[in-house]
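What follows is a set of notes on a single structure, which appears directly below.
We did not get these values from a lab; they are worked out from the coordinates using the rules stated. All values derive from a computational prediction rather than experimental measurement. Glycine also receives a Cβ, built like all others from the backbone with ideal geometry; neighbour counts cover every protein chain displayed.
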Amino acid sequence: MTHSRRPLVGIVMGSDSDWPKIRGARAALEEFDVVSEVRVMSAHRTPAVVREYAATARQRGLKVLIAAAGGAAHLAGVVAAHTTLPVIGLPVPTAELGGLDSLLSTVQMPGDVPVATVAVGMGGARNAGLLAVQILAVADDALAEKFAEFKRGLEQQIATKDARLQEIIHEDAE
């Protein structure tokens with residue numbers, strides 16, 4: 001699957017102004033050579049476009065959808081209503097409430113319409129991409145190994161940071 005040059009992940013956002021806040025999702029996918037497509041569409045302003053995009057995503061070869069929106073963040077729910085693919089909701093930070101409004105709009109889905117929701121902010125965007133990679137890795141052993149290698153790298157980073165901290169503490173005690 002990772003060798004395909006066709007998009008496997010669709011990233012949709014409610015406004016092009018969201019891109020700087022969510023581009024980390026695509027960057028995370030690129031780290032694993034997962035191709036994605038990015039589109040702007042609105043659950044409220046272009047509902048027919050959202051419906052068509054979500055309804056045809058599987059037949060176009062997409063495997064996972066990431067929907068990012070702020071404020072009354074209904075995009076992920078509307079996408080989920082029109083597809084059988086996994087949907088990851090990415091709440092976009094807002095000036096008014098710091099993204100709490102986006103988070104609550106995204107995470108409070110009714111039963112039978114699942115949306116996996118990640119954190120608000122830059123960590124959330126990266127995690128949306130990483131979660132999409134993990135979902136794809138269920139059916140792709142090479143991608144699963146690449147993700148396992150990534151996790152081992154995280155362990156090594158923390159071990160290195162701990163060793164540095166222990167040196168600092170030791171030096172301070174002298």
Helix 19-31 vs. the chain, principal-axis angle (Cα, 0 to 90°, nearest 10)
70
By how many nm would the segment from M122 to I169 lengthen if fully extended, with 0.36 nm per residue of separation less the alpha-carbon distance?
13.8 nm
Lysine pairs in the chain with Cα distance under 24 Å, only those 8 or more apart or on different chains: how many are there?
5
Picking from L90, A116, V64, whose Cα lies most toward the positive end of the charge dipole for the chain (charges on Cβ: Lys, Arg +1; Asp, Glu -1)?
V64
What trypsin sites (Lys or Arg not before Pro) in the stretch 1-105 are in a loop by DSSP, with at most 16 other Cβ atoms within 10 Å of the Cβ?
R5, R45, R58, R60
Taking R0 as 45 Å, what FRET efficiency do you get between A55 and A159 from their Cβ-Cβ distance, rounded to the nearest 0.05?
0.45
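Kindly put E37, E174, E30 in sequence by how many other C-beta atoms sit within 10 Å of each C-beta, fewest to most. Don't skip to the end; give the middle numbers.
Numbers: E37 17, E174 4, E30 12.
In order of increasing Cβ crowding within 10 Å: E174, E30, E37.
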Using the charge dipole of the stretch 1-141 (Lys, Arg: +1 at Cβ; Asp, Glu: -1 at Cβ; taken about the Cα centre), state which of A55, A81, I22 has its Cα farthest towards the positive end.
A55
Once you have a ≥ b ≥ c as the square roots of the Cα gyration tensor eigenvalues for the chain, tell me rounded if a/c is under 1.5, and otherwise prolate or oblate according to whether a/b is larger than b/c.
oblate
Collect residues whose amide H, placed 1.01 Å from N in the peptide plane, falls under 5 Å from the amide H of V38; neighbours closer than 5 in sequence don't count.
I11
Using only Cα atoms, find the angle between the long axis of helix 141-173 and the longest principal axis of the chain, and express it within 0 to 90 degrees, rounded to the nearest 10.
40
With springs only between Cα atoms under 10 Å, which of S36, S17, S105 fluctuates most in a Gaussian network model of the chain?
S17
